[in-house]
1. In the stretch 29-77, which residues are outside any helix (DSSP H, G or I), in contact (Cβ under 8 Å) with a residue 60 or more places away in the chain and open to solvent by less than 70 Å² (accessible area, probe 1.4 Å)?
2. Counting just the residues of the stretch 112-163 that are in contact with a strand residue (DSSP E or B) (Cβ under 9 Å, 6 or more places away or on another chain) and among the acidic types (Asp, Glu), which one comes out nearest to the ligand (Cβ to nearest atom)?
3. Can you find a residue in the stretch 110-119 that is β-branched (Val, Ile, Thr) and open to solvent by 10 Å² or more (accessible area, probe 1.4 Å)?
4. Go through (1) surrounded by fewer than 24 Cβ atoms within 10 Å (Cβ to Cβ); (2) more than 13 Å from the ligand (Cβ to nearest atom); (3) at negative phi and name the single condition VAL174 misses.
5. Return a yes/no flag: does the stretch 73-84 have any residue that is of a type in the set (Val, Ile, Thr), within 12 Å of the ligand (Cβ to nearest atom) and in contact with a helix residue (DSSP H, G or I) (Cβ under 9 Å, 6 or more places away or on another chain).
6. Taking the stated definitions as given, is ALA296 over 21 Å from the mean Cα position of the chain (by Cα), modelled with pLDDT under 95 and either assigned to a loop (DSSP other than H, G, I, E, B) or surrounded by 15 or more Cβ atoms within 10 Å (Cβ to Cβ) (or both)?
7. Let me spell it out: the conditions are (1) crowded, with 23+ Cβ neighbours inside 10 Å; (2) within 16 Å of the chain's Cα centre (by Cα); (3) not in a loop (DSSP other than H, G, I, E, B), and GLY127 meets all of them except one. Which number is the exception?
8. Go through VAL58, VAL69 for me and flag whichever is away from the ligand (no atom under 13 Å from the Cβ), under 25 Å from the mean Cα position of the chain (by Cα), in the same structural domain as GLU130 (by the TED database) and farther than 13 Å from THR96 by Cβ.
Amino acid sequence: MEFTHTTLGQRVRFGTGHAAEHLRSELSEQGISRPMVIVSDRDRPLADAGTADTKPSVWWSDIAQHVPVQLVERATTAARDSGADGVVCIGGGSITGLAKAVALHTGLAIISVPTTYAGSEATNVWGMTENGVKTTGVDDRVLPAAVIYDAELVRGLPTELAMASGLNALAHCVDSLWAPRADPINRALSLEAAGALSSALRGIAVDSGDTESLEKALYGSYLAGVAFASAGSGLHHKICHVLGGAFDLPHAQTHAVVLPHVLAFNAPAVPDLAARLAVALGATAAGQGEVTAVAALNELYSAVDAPNRLSDIGFPDDGAELVVDRILEVVPPSNPTPVTRSALLSLLAAARVGAPAILDDAGSRVEGDAR
Ligand code: NAD
């Protein structure tokens, strides 16, 4: 083994029903007395309770998907003008993303309270959108100093959104297996996370309020985010990034739909990893490499009624041709299976219509083992 792994410094407070108490403790620990609080109306009662010992400098509820730069400018100005000495963000990845953008410009520490499984709170990656183009970057100033997880906050997620968001987290795990900085530590985290997420999503599909499943989903999404932050963006994230930017597709659903196709594309080139993933996902007959990993994921998708068609979420009929060259430009050289234009077109065509996609490494469709 030979690798270099960076572990990012961050405190995690985990406890069902304890978010407000943990937020108060964390604000005190960080010495923050005038936080900017970014929160939607839905979570305002928690924000009120969690910041009761402080004097929030500004309450910010103007939120938009994909972190538009104009919004960032206004929020940053509000933070500066109000004398904020920290940022509290309570919400999904869009709210975390705005807090990160403010931190990037002000250097203020973030305390993040996630309400989805997006996992952004675990990464030092920021993203902003201007004129339909999304730019991302890495900067340790945007890594939240602390993350507070509370299963009560995800209990109200509509099941469809919970599944898409949980599969977005699973995509962090799977892509981390072969991303540019993949290493044994990321893989250990990814595979543990994949097991937790698989079990959690099955549990939520049966009972959307099951506390143990909700806790497992948060635990898995955190580990997945940590692995992703360390491993970087692999083929899956590069594809979804281009699709999301080009067609303004919903983030979590896009990841959920594309994931099985990228796994099917890469698994044949990494049979040992595929076999480990199959076990993590709960496959009963592991050891057959790629078929088993893909079959295990497909079985999970059926069990949780996962989204499986890009055409359902805004991807146009000619979308593949429109973006294929842009994706080819950003394909990581480390991808285990060489990525050809025709392979990408096949992959996107299958993802568009929800067809089973198992591609060999020359980009040809291989039928069978499909959901
Ligand atoms: P989101 O934050 O846009 O939330 C999706 C919808 O769910 C919104 O309407 C929101 O109001 C609602 N919602 C959130 N929590 C809820 C709850 N508990 N109950 C009911 N409704 C709830 O979506 P997301 O998938 O969480 O985040 C996507 C964004 O995060 C994207 O912009 C993506 O780029 C970013 N992201 C960034 C990173 C990173 O490392 N920088 C990682 C993952 C995602």
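The values are calculated or read from the model by the stated rules, or taken from the named source; none is laboratory data. From a predicted model like this one, the values you see are computed outputs, not experimental measurements. Neighbour counts are summed over all protein chains in view; Cβ atoms, including those assigned to glycine, are modelled from backbone coordinates with ideal geometry. Side chains included, ligands, DNA and RNA excluded: accessible areas come from the protein's heavy atoms. Shrake-Rupley method; radii C 1.70, N 1.55, O 1.52, S 1.80 Å.
1. ILE32, PRO35, MET36, ILE38, HIS66, VAL67, PRO68
2. The residue in question is GLU121.
3. Yes, the stretch 110-119 has at least one match.
4. (1)
5. No; the residues of the stretch 73-84 include none that is of a type in the set (Val, Ile, Thr), within 12 Å of the ligand (Cβ to nearest atom) and in contact with a helix residue (DSSP H, G or I) (Cβ under 9 Å, 6 or more places away or on another chain).
6. no
7. (1)
8. Answer to the check: VAL69.
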